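Novice: Here it is, the structure in full.
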Amino acid sequence: MTVTPSGTPSGRMRQTILEWLKDPAAHFPAPPRRDLAETGVTARAVAAKLGVSRRTALAHLSFLTRLGVLSTRRIGCRVHYRRDEIRIAEVTRLFEKGW
């Protein structure tokens, strides 16, 4: 089985996650008194939205975090994920320059 970068279901899921996290309040229910753009969303919320297991969602979120396009923040016992817009802009510029 060959794997293509963005043509795989995994690639589409990761792209979808990044799109949702552009405006998390529009895609995820917000806990009381929390700004999802500030705090981010949990793996459980992403898993529920994708319709996959929490473990699968964590694998995608961990991959995106290792790439540097997501940052994490621990609140209580949960890890919240949000986009790292600065890093995404840096990566975008690299690709625009032809890498």
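Values in this text are rule-based calculations from the coordinates and carry no lab data. What you see is a predicted model; the values in this text were computed from it and never measured. Positions of Cβ are backbone-derived with ideal geometry, glycine not excepted, and every protein chain shown enters the neighbour counts.
Novice: So, with +1 on the Cβ of K and R and -1 on the Cβ of D and E, and no other charges, what is the size of the charge dipole of the chain about its Cα centre, to the nearest 20 debye?
Specialist: Dipole size: approximately 400 debye.
Novice: For the chain, what does the alpha-carbon gyration tensor say about shape, rounded, prolate or oblate, given a ≥ b ≥ c as the root eigenvalues, a/c under 1.5 as rounded, and a/b over b/c as prolate?
Specialist: oblate
Novice: Okay, next question. Hey, can you rank 54-65, 20-31 by average C-beta count inside 10 Å, highest first?
Specialist: Order by mean packing, descending: 54-65, 20-31.
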